[in-house]
Amino acid sequence: MQPKPRTLQILDLVTVLFFLAAVGMVFFYAPLEAVMGQVQRVFYFHVATAWVGMLGFLVAAIAGVAYLVKQDRKWDIVGLSAVEISLVFFFIAIVSGSIWAKPSWGTWWTWEPRLTTAAIVELVYAAYLLLRQGLEDPERRARFGAVYAILGFISVPLTFISIRLFRTIHPVVVGSGAAAFDMSPAMLQTFLFSLWTFSLVFADLLWHRIRLGRLAERVEALKLKIND
Amino acid sequence: MRAFWRALWAIVWKDLAAEVRSRELLSSMLVFALLVILVFDFALVLDVKARHSVTAGVLWVTFAFAGTLGLNRSMAQEKDRGCMDGLLLAPVDRSAIYFGKAIGNLFFMFIVEAVVLPVYSLLYNTNLFKPGLLLVVLLGSVGYVAVGTLLSAMAVQTRTRDVLLPILLFPLVIPVLIAAVNASTAFLQGWELAEISPWINLLLGYDVIFIAGAFMVFDYIVEE
């Protein structure tokens, strides 16, 4: 068994430090929002986890294309790892969004474009995992997974556009709009810092998960060897 | 190019001929579609006004559910009798197989829709035969079948088979359902054309994107 690479150890440490700093910034550095109060602080990690969720699905789609072109199992592991991580982070984003929505909109859930799209994204990638589960041949599993990840990634923006054609009440932070709210410099710094931190968390987890996938594959290969 | 069209037509013809002889696909799709309408009637029985305003929704749920039945059956036939292997061995372009199956499936969808629309009009005393609505039905069915044929080829090769197709298919066709339901409602209630055209454009865009996408990835699905 290969030891954990040095770079990964350093990345682990850096990620933990950044995460602690981000938590500190959210609670002690960012000012209290005038209208929404304390609950607004959930926003920093809410957007950051949603960002990681979408990043992972982008990675999965790219890995899918790479797998179909190169037929290299390594890309399959990357795709699966990205989907698994993003599924969890997107779920966190939905839950933290609900926590914010209850006091702000007066309801845990509303059928608003971003929320509905988020729910559908979760279903698409849950279907991805179910599809993989139903296939035994690893090569076919990789191929079908790649195809489905690509199709899912194409369909999700269309879903968003189609629901967007209705009206939306979700605050628009980046860009302008009636529901936008302005961030003070300290808020903006905290926000960008959170985004950066969660990107690191994503990279770190992805690396670990890919490593796990490769080790699992080695175990499979060794098992086959013993049986022979 | 002529060989491509001949192969495509041969596959469509084979599906239609098999269906004319066995009638197992269309009969189950039709009975199921009528059952869905009945179930909705019982579900909405208390509120006549609600039932009237959800016409488009009921129609599209019916088409979508009956559609999965047909898609599953049509691919399972290929798989069970080893017909798919025969098709793959034949010296024809793989995309001809995809388009052949898709056109066959589309044809069955159209037959179901051609029965459901008049029956629904009759039962609920409304006229569903408006050119706009028929256009929406056409575009929506094309998008649904384009993705559905591809995914049913995938689902049929898994351990869970029939169960998996709706789970794979519905999250991906949600744009079609949203756009189709909205456009259908709009045509039924006689909205302005300017309000309807975004939905029609969305349907057109979805159809083009997913036909092209399915065309590109189908090879990877049937590869042995």
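Rule-based calculations on the coordinates, nothing more; no lab input. Everything numeric here is computed off the predicted structure, so don't read it as measured data. Reconstructed Cβ throughout: ideal geometry from the backbone, glycine too, with neighbour counts over all protein chains shown.
Bin all alpha-carbon pair distances of region A:13-160 at 5 Å intervals from 0 and give each bin's fraction as a whole percent.
Using 5 Å bins, I get a P(r) of 2, 9, 16, 18, 15, 13, 11, 8, 5, 2, 1, 0 for region A:13-160.
Can you pull out the GluC sites (Glu not before Pro) in region A:91-150 that DSSP calls coil and that have at most 16 other Cβ atoms within 10 Å?
When the GluC sites (Glu not before Pro) of region A:91-150 are filtered for loop state and at most 16 Cβ neighbours within 10 Å, A:136 remain.
Based on DSSP H runs of at least 4 residues, each adding -39500 (n - 2.57), what is the mean residue ellipticity at 222 nm of chain B after dividing by all its residues, to the nearest 500 deg cm²/dmol?
Dividing the helical sum by the residues of chain B leaves -29500 deg cm²/dmol.
May I ask you to derive the FRET efficiency for residue A:221 and residue B:161 from their Cβ-Cβ distance with R0 = 22 Å, giving the value to the nearest 0.05?
Rounded to the nearest 0.05, the efficiency is 0.15.
Taking R0 as 30 Å, what FRET efficiency do you get between residue B:28 and residue B:195 from their Cβ-Cβ distance, rounded to the nearest 0.05?
According to the calculation, E is roughly 0.20.
With Cβ to Cβ distances under 13 Å as the rule, what net charge do the other residues near residue A:54 carry (K, R +1; D, E -1)?
Its environment carries a net charge of 0.
Would you calculate, for chain A, the mean residue ellipticity at 222 nm contributed by helices, counting each DSSP H stretch of 4 or more residues as -39,500 (n - 2.57) and dividing by all residues, to the nearest 500?
Calculated from helices alone, the mean residue ellipticity at 222 nm is -27000 deg cm²/dmol.
Mind checking region B:56-138 for trypsin sites (Lys or Arg not before Pro) that DSSP puts in a loop (not H, G, I, E or B) and that have at most 15 other Cβ atoms within 10 Å?
Those that pass, being in a loop and sparsely packed, are B:81.
Could you give the semi-axes, largest first, of the ellipsoid that matches region B:2-222, computed as the square roots of 5 times the alpha carbon gyration tensor eigenvalues and rounded to whole Å?
31, 19, 15
Can you divide the C-alpha Rg of the protein assembly as shown by 2.2 N^0.38 Å and report the result to two decimal places?
Ratio of Cα Rg to 2.2 N^0.38 Å: 1.11.
Express in nm, to one decimal, how much length is gained between residue B:48 and residue B:80 on full extension, taking 0.36 nm for each residue of separation and deducting their alpha carbon distance.
7.0 nm
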